[in-house]
Amino acid sequence: QVQFAESGGGLVQPGGSLRLSCAASDSLFRFYTMAWYRQAPGKQRDLVATITHSGIADYPDSVKGRFTISRDNAKKTVSLQMNSLKPEDTAAYYCTRLDSGFWGQGTQVTVSS
């Protein structure tokens, strides 16, 4: 059974940083591209970052230069370092195996003064 457990969210002031973590229960973890998505209330779920099995990362322009995704295949974990946070980054953040359809419960990030 494939499961993802996100953690590390919280309340942070604009310009601050947070590091999200995701623990995967997925025997095929090391073979697949992993991703972080986010969803703000009333909006669609948007892709935030991807990382291939070999560690190649990609980001949309909205977070490029501020967010960094990383993975540890031995520990089956994926992390998202978020710097220079903005109020528009406020959302629930989810990690997933790309295109798998499996989702965790998410972790809430709120950026506010």
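Can you tell me which residues in the stretch 97-107 are out of contact with any Ser or Thr (no Cβ under 7 Å at 6 or more places or on another chain), open to solvent by 60 Å² or more (accessible area, probe 1.4 Å) and closer than 17 Å to ALA23 by Cβ?
Residue satisfying the conditions is GLN105 alone.
Go through the stretch 7-27 and report how many residues are part of a loop (DSSP other than H, G, I, E, B) and either aromatic (Phe, Trp, Tyr) or in contact (Cβ under 8 Å) with a residue 60 or more places away in the chain (or both). Break it down into steps so the answer makes sense when it comes.
If we filter the stretch 7-27 for residues that are part of a loop (DSSP other than H, G, I, E, B), which is where we start, we get 8-9, 13-17, 26-27.
Restricting the remaining residues to those that are either aromatic (Phe, Trp, Tyr) or in contact (Cβ under 8 Å) with a residue 60 or more places away in the chain (or both) gives 8-9, 13-17, 26.
Qualifying residue count, the stretch 7-27: 8.
From the residues in the stretch 64-75 that are open to solvent by less than 70 Å² (accessible area, probe 1.4 Å) and of a type outside the set (Val, Ile, Thr), which one is farthest from TRP103 (Cα to Cα)?
ARG66
Quick one: count up the residues across the stretch 17-28 that are surrounded by 14 or more Cβ atoms within 10 Å (Cβ to Cβ) and of a type in the set (Gly, Ala, Ser).
3
Could you please find all residues in the stretch 29-51 being open to solvent by 30 Å² or more (accessible area, probe 1.4 Å) and either assigned to a strand (DSSP E or B) or in contact (Cβ under 8 Å) with a residue 60 or more places away in the chain (or both)?
TYR32, THR33, TYR37, ARG38, GLN39, ARG45, ASP46, LEU47
Among the residues in the stretch 52-65, are any charged (D, E, K, R), within 19 Å of GLY10 (Cα to Cα) and out of contact with any His (no Cβ under 9 Å at 6 or more places or on another chain)?
No, the stretch 52-65 has no match at all.
Within the stretch 85-95, which residues are surrounded by 17 or more Cβ atoms within 10 Å (Cβ to Cβ) and in a loop (DSSP other than H, G, I, E, B)?
LEU85, THR90, listed by residue number.
Under 25 Å from SER113 (Cα atoms) and either touching a Gly at 6+ places or on another chain (Cβ under 7 Å) or aliphatic (A, V, I, L, M) (or both), is that true of LEU20?
Spelling it out, LEU20 is indeed under 25 Å from SER113 (Cα atoms) and either touching a Gly at 6+ places or on another chain (Cβ under 7 Å) or aliphatic (A, V, I, L, M) (or both).
Among (1) without any contact (Cβ under 8 Å) to a residue 40 or more places away in the chain; (2) more than 19 Å from LEU85 (Cα to Cα); (3) open to solvent by 40 Å² or more (accessible area, probe 1.4 Å), where does ASP61 come up short?
So ASP61 meets the others, but not (2).
Can you pull out every residue in the stretch 52-84 that is acidic (Asp, Glu) and part of a loop (DSSP other than H, G, I, E, B)?
Within the stretch 52-84, just ASP61 meets the criteria.
The values are calculated or read from the model by the stated rules, or taken from the named source; none is laboratory data. Quick caveat, the model's predicted, so the values are computed rather than measured. Cβ: placed from backbone, ideal geometry, glycine included. Neighbour counts: every protein chain shown. Accessible surface is based on the protein model in full, side chains and every heavy atom, while ligands, DNA and RNA are left aside. Shrake-Rupley method; radii C 1.70, N 1.55, O 1.52, S 1.80 Å.
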